[in-house]
Amino acid sequence: MMKIRIGGWAGQGTVRAGTILGKSLALEQGYHVVQQRSYSAAVRSGIAYSDVVVDHEGLDELVIECPDHLLVLYQDTLDQWEEMASKVEHLIVDSSRVGRVEKTSGRVYKVPAGRIAENIATSKAANVVLLGALAGVSAEVDLNCLEKTVKKEFPEKYVDINVEALKKGYEAVLEKR
Amino acid sequence: MTKKIIKIDRDLCKGCGICIEYCPKDVLVGSDDLNRYDNHFPEVLCAQRCILCRRCELYCPDFAIEVEG
Amino acid sequence: MMDAGEYFLEGNIACAEAAMKAGCLFYAGYPITPASEVMNHLSKELPKVGGRFVQMEDEIASIASVIGSSWTGLKSMTATSGPGFSLMQENLGYAVMTETPCVVVNVQRAGPSTGQATKPGTGDVMQARFGSQGDYEIIALSPNSVQEMFDLTVRSFALSERYRVPVILLADAGVGHMRERVKIPEEVEIVDRKKPSSGEKEFFDTSEEDHVPPMPNFGEGHELLVTGSTHLGDGSRDTASFSAQDRLVRRLVAKIEDNKRDIEDWEERDADAELVVVSYGSMSRPARGAVKKAREKGHDVGFFRPKTMWPSPEERLKEIGEGSKVLLAELSLRGYRMEVERCVDDLYVYDRLNSLPTVDEVYEKILEVLR
Amino acid sequence: MITAAEIKEKYVRNHPSPFCPGCGGGMVLNAMSRAVERSDVEKEDIVAVSGIGCAAWIPSPHWRVDTLHTTHGRAIPFASGVKIANRDLEVMVVSGDGDCAGIGGNHLLHGARNNIDLNVLMVNNGLYAMTGGQVAPTTEHGERTLTTPHGNPASSFEVAEVVKAAGASHVARWTTYHMKELIAEVEKAMETDGFSFIEIMTQCPTRKGKKQGMDGIDMLAWYKENTSKDKESDKMFVGTLCDVEKPELVGSIYRQIDELGGV
């Protein structure tokens, strides 16, 4: 079983990223996947996150207490998850927005996802940059499958941007590995 | 002269008197008898006075009057 | 409408797709978290299959127009959540009384009142059964996965058409907002309401064993009398006589009660164990996981999950309660509890608000009960 | 010309009705029936939807068409469902003033806003008659009713004006005194492709008349004396308030279905 949480501020595309990841793992890689989202009633405020639980067989564990991989796009979000973050295996942060990382037992990957995405086209693609980074970090998450999913998920004019975002994110962690 | 028949279904009548009031030629009068709901239904006083305006048909709330002619 | 195949979908989207697959041609609704996705999706897709979509001014109007539509012969649906479900109660009773097939989806959220709109809860279980005034029985189905959001939506339409009743799909935000792999089959079970044969005039009474009279459409020349007041077999109102009230209401109740065997459905595993965990909806997922873990660790624990909340599988619950301790795990304090209490002597409860537990949290409770 | 006997045979059932002597309910039934007879619409295609109250009983069970007798205040959304589901049906709503403008007021506004092709006849007797004569949104300020024994402290509202402002294609007001005009107006409503609203001021001799020492005849006479077809007059205006072409909901929905390739 593998547990991934993608968190940030509402509006940063954490749910979208979780959906892409879940779809890729379920439909392209054949895993059993449950993806859930948590958000408040407000559209553009508060913590929003997406949980993806992955296994080889039918899944009844829907809740992530402590993820194996934690992807964070916002400083306040990480601050609120300090205790959880200290226990994760891999912590991948968008270092263009998350400057301060407290101690964690796991490995920390600082990926300037916002800046990378902005250099491609728009900082909005930072969520996809982090997905690419996750593919670089996790042996189970396949980059090619993510690419296939991104191609299906986005309208045509955004496909190239997001494919590049994926790849740049992937390369960013390879350098650090 | 056409024959004018004013049919009154006394058991549909609730005795409101609107037909009598709205007849421009005073063709109708209230009955002395009561129908089965204790209402004074209209009776035809003089059918030949009727000018076939059919206001009684139109204004009767209970579909109790039919004018032929 | 999606082709047959495998998809990774949100529960609410699976529900919307299932409705179209089941032949739904009319949707009326009003926005509410966490059910809006059903409506959002159908607003886009339903017209493409010839269906009519309309967003109404509130939930009362939504269910009213759904009932109106059903009388023209269309399979019709609305979806809502707690506050909207409360507003629908009067017309839900109207649908029961007039024997109007329709599907009402309630993606339950944490209440009471506005509560927490995005958080799951199952506090509407009793409301689904008793929320409208007077004596009646109703069918309410409880999905626990995205696949079941699809399958039980299809079944809701089938049951509502078969028995001429409103059917409630009693989901919760957990399954409504969850994404999972779902298989959309080529064919689904489609049931069409019983139509009258020519010359037939009794559309509100029957001596048939299933208690279901035939249902004509508006515009077919039957000069129909459809009323929520007590009525005779031809639909004419009878607001006073003993016999009219007695005959009608007893038949409406019998329609569910006597067809229970066909309607009832549940999932069970080792339901003769020392302890049986009873759970439903999204909560039944970690509960089932915990039972599995307990068995792997050598504990004698079973699992029972009603898929039909109403009519409640009370006989089976009573059988289980006779031989086993029961642990009810639910996402509310008062959801299904009174119904289980009624059937089971040795009852323990794991109740929870706002969010699902982990498998381990339920497992700990199982161990506590076993000790 | 169709005779009264034929109208009765073709359109009326379950008589005598339970309406009080002199009640205008039967007159509205008569007017509706004659309007349908004059129109091109087949009786079989008519669905009459009503809510709760005396007015709701006018069509159900007394009108010999498909009837849907629903819950209090909700006739318009029920009717909307019928019309949107099957646009070939001619949908009539008969609703009292309390039903239509009180508990159902919001539905009335949105029916008018959507300009959905319904024909709404609001039978306005100025109070809640079936439940004993309580004050309604249409009761005049200062008027005594069962629940305003010291005079109505609230004010009434001009429902027809409100419906016009909300966007209905066709709005009119008549009284049961104006039977001929009313029949013509209902026929016009049926021809209108949009929301048609006719306020029909109707006498309630039992709940209202008795309090004012009037019977049905007196109340009809009052309508005659106190209404005018002249908009400039100080009297209550009767006639057509508006009759305009506007986008209509059901046609728009079906056009979208056609454009999207739905059947």
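The values are calculated or read from the model by the stated rules, or taken from the named source; none is laboratory data. These figures come from a predicted structure and were not determined experimentally. Cβ placement follows ideal geometry from the backbone for every residue including glycine, while neighbour counts extend to all protein chains displayed. We work out accessible area using only protein heavy atoms, side chains counted, and drop any ligands, DNA or RNA first. Shrake-Rupley method; radii C 1.70, N 1.55, O 1.52, S 1.80 Å.
Just a few scattered comments:
- Amide H within-cut-off set for A:VAL63, under 5 Å, with H built and near neighbours excluded: C:VAL359
- For the chain pair D and C, buried accessible area totals roughly 3100 Å², probe 1.4 Å, rounded to the nearest 100.
- Taking the protein heavy atoms of chain D in the context of the full set of protein chains, the accessible area attributed to carbon and sulfur is 50 percent at 1.4 Å.
- Debye log10 I(q)/I(0) for chain C, one point scatterer per Cα, at q = 0.10, 0.14, 0.15 Å⁻¹: -0.61, -1.14, -1.28
- Test item: C:91-100 mean partner chain Cβ contacts at 10 Å: 2
- Stretch gain in nm, segment D:GLU44-D:ASP243, where the contour uses 0.36 nm per residue and the Cα spacing is subtracted: 68.9 nm
- Accessible carbon and sulfur surface of chain C relative to its total accessible area, %, 1.4 Å: 46 percent
- Stokes-Einstein diffusion for the protein assembly as shown, with the hydrodynamic radius set to the Kirkwood value over Cα pairs and evaluated at 25 °C in a medium of 0.890 mPa s, equals 81 µm²/s.
- Computed over protein heavy atoms with a 1.4 Å probe, the carbon and sulfur contribution to the accessible area of chain B reaches 49%.
- Taking every protein chain into account, the accessible area of chain D amounts to 38 square angstrom per residue (probe 1.4 Å).
- Charge-dipole axis of the range C:5-184 as Lys and Arg at +1 and Asp and Glu at -1 on Cβ define it, positive-most pick from C:GLN55, C:CYS15, C:VAL104: C:CYS15
- Take the accessible area of C alone and of A alone, subtract that of the pair with a 1.4 Å probe, and the total buried over both chains is about 2000 Å².
- Across all directions, the shadow cast by the convex hull of the range D:20-259 built on its C-alpha atoms averages 12.3 square nanometres.
- Solvent-accessible surface, computed for protein heavy atoms with a probe of 1.4 Å, shrinks by 50 Å² or more for the following residues of the range C:208-231 when the other protein chains are added to the isolated chain: C:PHE218, C:GLY219, C:GLU223, C:LEU225.
- Student exercise, chain C dipole from Lys, Arg, Asp, Glu Cβ charges, in Debye to nearest 20: 740 debye
- ³J(HN,Hα) computed for each position of the range D:249-260 - Karplus, 6.51 cos²θ - 1.76 cosθ + 1.60, integer Hz, glycine/proline x: 5, 5, x, 5, 4, 5, 5, 5, 4, 4, 5, 8
- Sum of -39500 (n - 2.57) over DSSP H runs of 4+, divided by residues of chain C (222 nm, nearest 500): -11500 deg cm²/dmol
- DSSP H segments from chain C that extend 20 Å or more along their own axis, Cα-based, with Kyte-Doolittle mean of 0.0 or above: C:82-98
- Distance violations [Cα-Cα > 29 Å] among A:LYS167/C:LYS21; B:LYS4/D:LYS180; D:LYS188/D:LYS231; C:LYS119/C:LYS292; D:LYS8/D:LYS224: A:LYS167/C:LYS21
- When all protein chains stay in place and ligands, DNA and RNA are ignored, the 1.4 Å accessible-area order of D:ASP45, C:ASP58, A:ASP94, largest first, is D:ASP45, C:ASP58, A:ASP94.
- Gyration tensor verdict on the range A:57-162 (Cα atoms; rounded if a/c is under 1.5, prolate if a/b is larger than b/c, oblate otherwise): oblate
- Using a 1.4 angstrom probe on protein heavy atoms only, the contact between B and D buries about 2100 square angstrom of accessible area, both sides summed.
- Value of relative contact order over chain D, rounded to a whole percent, pairs C-alpha under 8 Å and six or more apart: 18 percent
- Prolate/oblate/rounded call for chain A, Cα gyration tensor, a/c under 1.5 rounded: rounded
- Counts of other chain beta carbons within 10 angstrom of each beta carbon in peptide D:13-21 average 5.
- Considering only alpha-carbon pairs that sit under 8 angstrom and 6 or more positions apart, the relative contact order computed for chain B is 45 percent.
- Calculated P(r) tail over 13 Å for the range B:5-68, as whole % of Cα pairs: 54 percent
- Distant alpha-carbon pairs in the range D:171-223 (separation over 13 angstrom), percent: 59 percent
- A cut-off of 5 Å between modelled amide H atoms, ignoring neighbours fewer than 5 places along the same chain, links C:ALA79 with C:TYR30, C:VAL105.
- Three-way shape label, the range C:5-184, alpha-carbon gyration tensor, a/c 1.5: rounded
- Taking max minus min of the alpha-carbon positions on each principal axis, the range C:266-370 gives extents of 32, 31, 21 Å, largest first.
- Rounded to the nearest 20 debye, dipole of the range D:20-259 from Cβ charges on Lys, Arg, Asp, Glu: 820 debye
- The range A:2-174: relative contact order in percent, alpha carbon pairs under 8 Å with at least 6 residues between: 20 percent
- Per-residue average of Cβ from other chains inside 10 Å of C:66-76: 6
- Cβ-placed point charges (K, R +1; D, E -1), dipole of the range C:266-370 about Cα centre in debye, nearest 20: 440 debye
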